[in-house]
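So the structure is just underneath, and the comments pick up after that.
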Amino acid sequence: MAESKSVKRKFDDVAKAESKPSGTKKFAGHWSQGLLASMNDPDLIVEKDDKLTVIKDKYPKAKHHFLVMPKETIPNLKSLKQEHLDLLKHMEKIARDVAQRTDKKIKFRFGYHAVPSMSHLHLHAISQDFDSPSLKTKKHWNSFTSPYFVDSSEVIKRLEKEHKVDFNQKENTEYLSLDLKCHVCGRPMKNMPSLKSHIRTHSYTCDS
Ligand code: AMP
Ligand code: ZN
């Protein structure tokens, strides 16, 4: 099997392990559709308007991690058309408002995974401390700190310029197996435990 396919499969396995139901409770759909169910889960909903729903990520990879999802059925970035530009700008604006309301001081990024594992378009709003027990693997780390994480502004720019958003799957999936390094100072790290203790030494406030 080609390397990129195997890396993608491993990443999907991690997403699947997070999203599939535990115990004997009957599950109402495929694990990759879990976000649609969570959009209606009152314990996760942070805010709603006529165009979108904001939920807390069920397996947060930082102190604050939200997902902003359109009400319109848009499976992924590839499904975007120029007519969605206003929606994408609105999603980013609301994500920024939620972040500001949650913690004015901490740095956030707002963006999409180039090759998402979950269906239904979702914008991540994630604080840059990455201080969370759910952040466990190299794939998690690289998915939020390498070019695999594409800023919302970049997605909007692409859609404006190219009238579509179609990231190269192979090239992007390879980012997930990059060697570990600190996202602030660039220092190489041997493993996730040393990375996680190292990143606690940095400050993530907006004025740092
Ligand atoms: P991705 O598809 O790679 O952009 O990321 C999917 C995100 O959804 C990850 O950050 C997961 O932690 C999160 N997630 C997975 N399953 C659920 C769920 N059922 N409800 C809410 N968030 C979820
Ligand atoms: Zn560092």
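The values are calculated or read from the model by the stated rules, or taken from the named source; none is laboratory data. Bear in mind that the values here come from a model prediction, so they are computed numbers and not experimental data. Neighbour counts run over all protein chains shown; Cβ positions are idealised from the backbone, glycine included. Just so you know, the surface numbers come from the protein's heavy atoms only, side chains and all, with ligands and any DNA or RNA stripped out. Shrake-Rupley method; radii C 1.70, N 1.55, O 1.52, S 1.80 Å.
Of everything in the stretch 85-97, what is among the charged types (D, E, K, R) and open to solvent by less than 70 Å² (accessible area, probe 1.4 Å)? Give them in sequence order. Glu92, Asp97 - these are the residues of the stretch 85-97 that are among the charged types (D, E, K, R) and open to solvent by less than 70 Å² (accessible area, probe 1.4 Å). Taken together, the criteria place Cys185 among residues that are within 14 Å of ligand 2 (Cβ to nearest atom) and hydrophobic (A, V, I, L, M, F, W, C). In the stretch 116-136, how many residues are farther than 8 Å from Ala62 by Cα and in a strand (DSSP E or B)? Counting residues in the stretch 116-136 that are farther than 8 Å from Ala62 by Cα and in a strand (DSSP E or B) gives 3. Residues in the stretch 179-193 that are open to solvent by less than 40 Å² (accessible area, probe 1.4 Å) and outside any loop (DSSP other than H, G, I, E, B): Met192 only. Kindly check whether there is at least one residue in the stretch 145-167 that is assigned to a helix (DSSP H, G or I) and within 19 Å of Ser197 (Cβ to Cβ). Checked against the condition, which is being assigned to a helix (DSSP H, G or I) and within 19 Å of Ser197 (Cβ to Cβ), the stretch 145-167 yields at least one hit. Condition check: of a type in the set (A, V, I, L, M) and within 16 Å of ligand 2 (Cβ to nearest atom). Does Met118 satisfy that? The answer is no for Met118. Within the stretch 73-84, the residues that satisfy the criterion of being surrounded by fewer than 15 Cβ atoms within 10 Å (Cβ to Cβ) and in a helix (DSSP H, G or I) are Lys78, Ser79, Gln82, Glu83. The single condition from (1) modelled with pLDDT under 95; (2) in contact with a helix residue (DSSP H, G or I) (Cβ under 8 Å, 6 or more places away or on another chain); (3) within 15 Å of Lys61 (Cβ to Cβ) that Tyr204 fails is (2).
For every residue, the table says whether it meets (1) modelled with pLDDT of 95 or more; (2) open to solvent by less than 70 Å² (accessible area, probe 1.4 Å); (3) not basic (Lys, Arg).
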| position | (1), (2), (3) |
| --- | --- |
| Asp13 | no, no, yes |
| Lys16 | no, no, no |
| Ser19 | no, yes, yes |
| Thr24 | no, no, yes |
| Phe27 | no, no, yes |
| Gln33 | no, no, yes |
| Asp43 | yes, no, yes |
| Lys56 | yes, no, no |
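So is Thr173 away from ligand 2 (no atom under 16 Å from the Cβ), among the hydroxyl-bearing types (Ser, Thr, Tyr), surrounded by 19 or more Cβ atoms within 10 Å (Cβ to Cβ) and farther than 18 Å from Leu88 by Cα or not? Yes, satisfied. Taken over the stretch 98-153, residues that are within 9 Å of ligand 1 (Cβ to nearest atom), of a type in the set (A, V, I, L, M, F, W, C) and either farther than 24 Å from Leu36 by Cα or open to solvent by 20 Å² or more (accessible area, probe 1.4 Å) (or both) amount to 1.
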